[in-house]
Amino acid sequence: DPRGTYTCETGGKESSPLQVHYRMCQNCIEVDAPTISGIVVADVVATIFLAVAVYCITGQDKGRMSRGEGRAPLAARGWGW
């Protein structure tokens with residue numbers, strides 16, 4: 001913490017004291033270990049929830065056929081080029 005009263009001393013002479021008020025930023029908040037842990041845990045839970053949701057949504061389309069399914073490929077039609 002750089003706040004405090006400072007004096008300079010040169011050649012045995014002492015200058016008048018200088019009062020220092022120092023602030024890192026105006027809207028700073030202190031973040032402690034439990035807060036950081038909570039943020040990390042919430043992020044992991046949200047990521048797992050999102051992954052499960054995507055898996056469930058994409059798993060529902062297994063019963064439908066796409067446009068190309070069920071048609072014979074061109075090479076199997078016997079065009080023989």
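The values are calculated or read from the model by the stated rules, or taken from the named source; none is laboratory data. Please read these numbers as outputs of a predicted model, since none were measured by experiment. The accessibility values were calculated without ligands, DNA or RNA, using every heavy atom of the protein model including side chains. Shrake-Rupley method; radii C 1.70, N 1.55, O 1.52, S 1.80 Å.
Exactly one condition in (1) assigned to a loop (DSSP other than H, G, I, E, B); (2) open to solvent by less than 90 Å² (accessible area, probe 1.4 Å) is false for residue 30; which is it?
Among (1) assigned to a loop (DSSP other than H, G, I, E, B); (2) open to solvent by less than 90 Å² (accessible area, probe 1.4 Å), residue 30 violates only (2).
Checking the condition among the hydroxyl-bearing types (Ser, Thr, Tyr), at pLDDT below 95 and closer than 30 Å to residue 4 by Cα, which residue from 22, 55 passes?
Answer to the check: 22.
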